[in-house]
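For reference, the structure discussed in these notes is given below.
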Amino acid sequence: MRLLVTGGAGFIGSTLIRVILKERPDWSVVNLDALTYAGNLETLADLEGNPRLAFVKADIADAQAVAACLKAHPVDAVLNLAAESHVDRSILDASAFVRTNVDGTRVMLAAAMAAPGVRRFVQISTDEVYGSLGKTGLFREDTPIAPNSPYAASKASGDLMARAFGHTFGMDVVITRCSNNYGPYQFPEKLIPLFVTNAMEDKPLPVYGDGLQVRDWIHVEDHARGILAALEKGKAGEVYNLGGGNERTNLEITGLVLSELKKPATLIRHVQDRPGHDRRYAIDDTKARRELGWAPRVDFASGIGDTVRWYVQNRPWWERVKSGAYRDYYESQYGKRKAIG
Ligand code: NAD
Ligand code: DAU
């Protein structure tokens, strides 16, 4: 199987590539990524030179570049993860979110449909398309779409675009909607890596509002295996929720981080809440368990401990992200190489 993974220089895409290359020894991957501020090839440095992995620097909203990539690298399936992914940035300015998450998804769908040989398109969506839950209940695949942030609205539009290509053109499209991921190599603007790295530097941990918002945490490798299961076993036109079954308030997560690092609670700072902040997410993943034979494997207590230790042991990785130095990496690795073919 030959795959095109978009957004492979990001947190989940890089994990997915690592899982695929390890667990499917005959498969090859083309990683198409624009290397926005969130894309970091240092995250894939251990795979450099692997003959089963190719990298193409391109924007998913650039139809010509995507078509050229698919022509140069024919594939059997496309996994679309490339996205603007941070809710807070979408509140400041949603334009890049609409361009990448909506129009970029449309471009990827059209290019995959036109490419001979592409048999399946997996759209990586999010549980945020469902909006927010009250104290009880779970998101099911038939829960109405009700996105609350500009990020969530853009992801819902991409998700529905994928559905529409399946319905209108008979494309084989499968959609996954996952809950909050944690693990190594997450960009330190998201809750867990931000709080771990701030605490390591004895900087304040900015908890939005009362900190009692609830997220359902899943280890990133479990999400990657869920995407793989959707690719291999999902039914065309279907949506699969993926979740960790680990509901925690943000204050609980903050407490876990502080206790893993043996840092004091005095680092906690309650700050002004995120506008429109969703109160609770929680996933019903019965359908994925039943139809895909998938279930999360990583125990939360050990997963979060390992994750905190990973950031402790990989300080140069996140220091280079926080300082911006990681952006020089592409230039040093690829800047002077001549294009071939
Ligand atoms: P990320 O921000 O870490 O990575 C996004 C990647 O996409 C980066 O490498 C970036 O360079 C690339 N990218 C952005 N715009 C691009 C464009 N126009 N063309 C090509 N590449 C572009 O994001 P992530 O957390 O790894 O999320 C990956 C996907 O999973 C996203 O679609 C996101 O919506 C979805 N998702 C994330 C979570 C989560 O908890 N992080 C949960 C559910 C779903
Ligand atoms: O649910 C899936 C979604 O999870 C994905 O689709 C998104 O791409 C991903 O970023 C994530 O969105 P969240 O908004 O839930 O993640 P974030 O890490 O930004 O925030 C998690 C919670 O922590 C949320 O309730 C806001 C809160 N928070 C976040 C930050 C960055 C804080 O209290 N303080 C902070 O500084």
Query raised in the report: When only Cα pairs under 8 Å and 6 or more residues apart are kept, what is the percent relative contact order across region 1-103?
Result: 33
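In Å², and per residue, what accessible area does the chain have when probed at 1.4 Å with the other protein chains present? Walk me through the numbers on the way to the answer.
Details: 14780 Å² over 341 residues.
Here the residues of the chain average 43 Å² of exposed surface.
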Report task. Excluding residues fewer than 8 places away in the same chain, name every one of the aspartates and glutamates whose C-alpha is closer than 19 Å to that of Lys262. Result -> Glu201, Asp202, Glu252, Asp306
Query - Karplus 3J(HN,Hα) series, Hz, for region 129-137 with 6.51 cos²θ - 1.76 cosθ + 1.60 (x for Gly, Pro) - result: 5, 7, x, 10, 9, x, 5, 10, x
Report task. Nearest 5 is fine: what % of DSSP beta bridges in region 137-282 come out antiparallel, could you say? Result -> 20
Query raised in the report: Using a 1.4 angstrom probe and counting only protein chains, how large is the accessible area of Glu23 in Å², to 10?
Result: 60
Report task. Return the long-range amide H neighbours of Tyr208 (sequence gap of 5 or more, or a different chain), with a cut-off of under 5 Å between placed amide H atoms. Result -> Val271
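Quick check: with the 1.4 Å probe, what order do Lys71, Lys233, Lys190 take by accessible area, largest first? Could you put the intermediate results ahead of the total?
Values: Lys71 170, Lys233 115, Lys190 45 Å².
I get Lys71, Lys233, Lys190, largest accessible area first.
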Query raised in the report: Between region 1-80 and region 182-233, how many Å separate their Cα centres?
Result: 22
Query - Accessible surface of region 53-201, 1.4 Å probe, proportion on carbon and sulfur as whole % - result: 55
**Report entry** Computed lengthening from Arg327 to Ala72, 0.36 nm per intervening residue step minus Cα-Cα distance
**Finding:** 89.2 nm
Requested in this report: Using only alpha carbon pairs under 8 Å that are at least six residues apart, calculate the relative contact order of region 211-278 and give it in whole percent.
Outcome: 44
Query raised in the report: lysines within cross-link reach of Lys287: Cα-Cα under 29 Å, excluding same-chain residues under 8 positions apart?
Result: Lys22, Lys135, Lys155, Lys190, Lys233, Lys235
Report task. Please work out the Cα center distance from region 275-290 to region 303-326, rounded to the nearest Å. Result -> 27
Report summary line: Listed by chain and number, the residues whose amide H is under 5 Å from that of Val56, excluding neighbours fewer than 5 places away on the same chain and using placed H, are Asn31, Leu32, Asp33
**Report entry** Backbone HN-Hα couplings from phi across region 159-176 [Karplus 6.51/-1.76/1.60, Hz, Gly and Pro as x]
**Finding:** 4, 6, 5, 4, 4, 5, 5, x, 5, 6, 9, x, 5, 7, 10, 10, 10, 10
Report summary line: Along region 254-261, Karplus-curve 3J(HN,Hα) (6.51, -1.76, 1.60; θ = phi - 60°) to the nearest Hz, with x for Gly and Pro, reads 4, x, 4, 4, 5, 6, 4, 8
Query raised in the report: Between Thr168 and Leu212, what FRET efficiency comes out of the Förster formula 1/(1 + (r/R0)^6) with R0 = 56 Å and r the beta carbon distance, rounded to 0.05?
Result: 0.85
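With +1 on the Cβ of every Lys and Arg and -1 on the Cβ of every Asp and Glu, and nothing else charged, how large is the dipole of the chain about its Cα centre, in debye rounded to the nearest 20? Don't skip to the end; give the middle numbers.
On the way: 42 positive and 41 negative charges, 86 e Å.
Roughly 420 debye for the chain.
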Query raised in the report: Over the chain, what is the percentage of antiparallel beta bridges among all DSSP beta bridges, to the nearest 5?
Result: 10
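Of all accessible surface on region 232-341 at a 1.4 Å probe, what whole percent is carbon and sulfur?
Details: 3160 of 6400 Å².
Ligands and nucleic acids excluded, carbon and sulfur reach 49 percent.
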Report summary line: By the Cα gyration tensor axes a ≥ b ≥ c (a/c under 1.5 gives rounded; else a/b larger than b/c gives prolate, otherwise oblate), the shape of the chain is oblate
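The values are calculated or read from the model by the stated rules, or taken from the named source; none is laboratory data. None of the values given here were measured: they were computed from a predicted structure. Using ideal geometry, Cβ is built from the backbone for each residue, glycine included, and neighbour counts are taken over all protein chains shown. When the accessible area is computed, the model is the full protein with side chains, heavy atoms only, and any ligands, DNA or RNA have been set aside. Shrake-Rupley method; radii C 1.70, N 1.55, O 1.52, S 1.80 Å.
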